[in-house]
1. Pull up all non-local amide H partners of B:Gly249: gap of 5 or more, or a different chain, and H-to-H distance under 5 Å with H placed in the peptide plane.
2. Please label the shape of the range B:239-315 as rounded, prolate or oblate, based on the square roots a ≥ b ≥ c of the eigenvalues of the alpha-carbon gyration tensor (a/c under 1.5 means rounded; beyond that, a/b larger than b/c means prolate, else oblate).
3. At 1.4 Å probe size, with every protein chain present, just tell me what the per residue accessible area of the range B:141-248 comes to in Å².
4. At a probe of 1.4 Å, how much accessible area disappears from chains B and A on forming the pair, both sides counted, to the nearest 100 Å²?
5. Which whole-number value in Å³ per residue fits the convex hull of the alpha carbons of the range B:35-231?
6. Taking only DSSP H segments of four or more residues, each worth -39500 (n - 2.57), what value at 222 nm results for chain A once the sum is divided by all its residues, to the nearest 500 deg cm²/dmol?
7. What FRET efficiency comes out for B:Met111 versus A:Ile54 if R0 is 35 angstrom and r is the Cβ-Cβ distance? Round to the nearest 0.05.
8. Give the percent of DSSP beta bridges with both residues in the protein assembly as shown that are antiparallel, rounded to the nearest 5.
Amino acid sequence: MPDNQEERIKRVLGAVLGIPPGNIPPEASMDTVSSWDSLRHMNLILALEEEFHISIPDEEAANLSSLPLLRLTVSEQLKEV
Amino acid sequence: MKMNRSASEILADQASPLGEVMQALADWDQQSPNAQEITFGLSSNVTLGPLSIYLRRHAALCGVRLRVSESDYDNTLGDLDRFRRAGVAYVFCLPLFDNIQPAFEAQVASMEELELAEREAELRSRWRLVFESSRSFRQVWVATYHRMSPAPGADGDDPVGRAVRRFNQVLREEAASYPQVQLLDSAEVLACVGAPAAFDWRFYQRAKAPFRPALLDRWAHKLRVVSRGFGTYYYKVLVLDCDNTLWGGVIGEDLLTGVRLDPHEPPGSIYWRAQQEYRALERAGMLLCLCSKNNPADVDEMLRSHPAMVLRDDCLTLKKVNWDEKPDNLRAIAAELNVGLDSLIFIDDSPFECEAVRSQLPAVKTLQVPAQLAEYPALLQQVRELMLGGGVAAESASKTHEYRQRAAARELESAAGSREEYLRSLGLRAAVIRSDRARLPRISELTQKSNQFNLTTRRYTQSELAATMDDPCADVFSVDVEDRFGSAGLTGVVVVRYLPEIAEIEAFLMSCRVIGRGVEWAIWPAIIAECRRHGVATIRAAYLPSAKNAMVADYYQQLGLDPLPAEGEPCWFQASLDSWRPPEAPWIECQYHPAKAKFQHAG
C-alpha cells in the first residue's frame, strides 16, 4: 500500500509540475525542481487533497516544499481519516 | 486500482481530481495536434490558481485547444497591454470585492459615506480605462462583484451587500458603452457551488488565492456557455417530438382526455413546465418545430383544443407530423428553413429515435427526455444554455412570425404565374443603410450566424464593426427588407474598404430568409454610388469557400465581376465602375440612407 501511495504522490507531482513521474528523485524539492514555483505549489496542494480526499492544514500547506515532507503529511492525514 | 480511461473521459468526468485532469490535458494536447486554437487572457485583483486548467479542460471538451495568458496580481491594465501584444482574442476579468482594499468587506461596515464615494469614483475611472483599452479584443467578460462573508439575517443591516450592489451598478453603467464587454453574474455562479465549496480562506490568507477548484470549474463552465462552446456551435432551431416530450402519454391512444398535461399534477405538470420553457425560447428568437410520428389530425387537435397546451400553432414554424423517419424529417426541416443541420437541436423521449438521429445526423445536437422525469428541468436548463449562450440581440426576438410570413409567401409563389409577376406581387422594398451604430448588435449577430449566403464568412464583433464604421476609408452597409406580408428586418450586410483607386468588398452576407427575391442584386447601385463618392475606379471582391457557402461560389460572376487569374483561395473578382452593370431587379424598390436613418414606412 505505501508503495502505491508513493506512486500516486509522484503521479500528481508529475502532472502538476509537468515532468514524467519516473524522473522525480525521491528527495525532490522546490529547490531542485525548477518548475515547482509558488503558484504550482498551490495547485499541487489542491491536487493532493483531491487525490487522497484529505485536508492539509493551513500552517502546513506552505511548508510542504519537498517530496519527503509531502509523503509524511499525506500519510499522517490518511491515518487521521 | 482505477481502470485506464482515455484523456477525454477523464476530462468529461466532473469528479476527476485535479492531478488527473492536468495529466489528461497534457495527453489530450499531444493526441490532438490539429485542434482549433484560441487564446484567452485572465485578469484579477487576486490569484486565480487553477482556473486556467479548468478553462482548458472545458475547451478541450469542445475540441478546442486554449492558450491561456495568466493574470498578474492586481494589474488589469498591465494585463490587457500584455494580452494585446500576445494576440489574445478573449479576456475574462474576475475581480474580488473583498480585495479592493485589504479585507474590504470588514472595512466597509465602518466606512464613512465620503470614503466609500471616493472608492467608487476611483473604481469607475479605473474600469473606464480598462474597458477603453480593451477595444481590440473580440470579447471581454467581466464578473460582477460578489461577497465572501455570509449575508446577515433578513432584517439585519447589510453594509457589505449595499456596497457590492453599488459597485456593480458602477460596472454596469461603465460597461454599457462598450459593445465588446459583457458582464457575467457572479451571484448565479456562486449559487451553483455554495459558499463553503467556493472559498479557500487558507490560500486567500497566504497566497491571495481565495477561490476553490469547485468555483473555478464552475466559472470555466460559465465561460464555455457564454462563448457558445468557445465558438464551436450556434443553435437556432429547436425540433421537438410530441408524445412523452410535450405531454405525458400517446395522443393516438390516450386521446385528448387521456394525455397528461395538468399544470398542477405530476407528471402533467412537468410537461406543462417544459412547454412554458420552449415557448420562452421561441420568444427569445429561437425557432420551434415539431417532428413526431403521429396522425397529423391528432396533433393538430391537441394544439387547437387541449385547454392546458402552452404551445399553439402560432409558436411553431414547421410541423413534420407523419410516419416518415425522423432523420428524413430533420433534413427536410433544415432544407426548408435554409439552415445547416448543425443549427438544430432535437429532443425526443425515445432512445431508439435519438440513436437513429445521432448515428445518421451527427451534426444535429440530439437530447433525450430523461427516463426519470424529475430530471427533465435539468435538460431544459441545458437547452437554454446551448441556445441562448451569451444572450440575443433585441431584433432577433420572435423570428417565428417572419419565417411564417415567408412560408405564406412560398404558397403564393406556387399560385402566381411567372416568377417576376410573383416577385412584383410581393411589393418588395429594400433599404440600404450606411454605418448606423444603433444597429451594431444585430449586424454583428448576423455576421456570426450566417453561413450559406456569406462570401467570406468573416465574423465581426461589435467593437470591430464600430471601428470600421468610424474609419473614414470604410463603410458598413446594412440592408432592411420588407414586403407586403411584413418586415424581415435587418437581413444583409456589406463591408467595404476604400483603398486608393479600389473599393474592396471585405464581406457580403445575407440572411437566408430573403434569398432568391433579387435583393442581392438590387442593393448594388446604392453601394456603387458611395464608391464613386470615394473616387475609386474599380471594385474588387473575394469569395472564400467554406464548408457551407457553395451556394454563392459563382455569385460575383453572376453579379458581372470578372474573375482575376490567381492560384488558390480566396478567388478574386473585379470590375471597372464605369462599365459594370449589375443585374437589375426592377420589382424591388430600393432606398439608400447615407446617414443614420430608419426605414421610411409608407402609409
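1. B:Asn244, B:Arg260
2. Values: a/c = 1.79, a/b = 1.21, b/c = 1.47.
Here the range B:239-315 falls in the oblate category.
3. Working: 4020 Å² over 108 residues.
I get 37 Å² per residue for this part.
4. Working: alone 26790 and 5000 Å², together 30170 Å².
For chain B against chain A, roughly 1600 Å² becomes buried.
5. Numbers: hull volume 22.5 nm³, N = 197.
It comes to 114 Å³ per residue, whole-number rounded.
6. On the way: 4 runs with 49 residues, N = 81.
Rounded to the nearest 500, the figure is -19000 deg cm²/dmol.
7. Numbers: r = 40 Å, r/R0 = 1.14.
Efficiency, rounded to the nearest 0.05: 0.30.
8. On the way: 35 of 82 bridges.
The antiparallel fraction comes to roughly 45 percent.
The values are calculated or read from the model by the stated rules, or taken from the named source; none is laboratory data. Predicted model, so just to flag it, every value in this text is computed and none were measured. When we count neighbours, we look across all protein chains shown, and the Cβ atoms used for this are built from the backbone with ideal geometry, even at glycine. The protein model used for the area step is the full one, side chains on, heavy atoms only, and it has no ligands, DNA or RNA in it. Shrake-Rupley method; radii C 1.70, N 1.55, O 1.52, S 1.80 Å.
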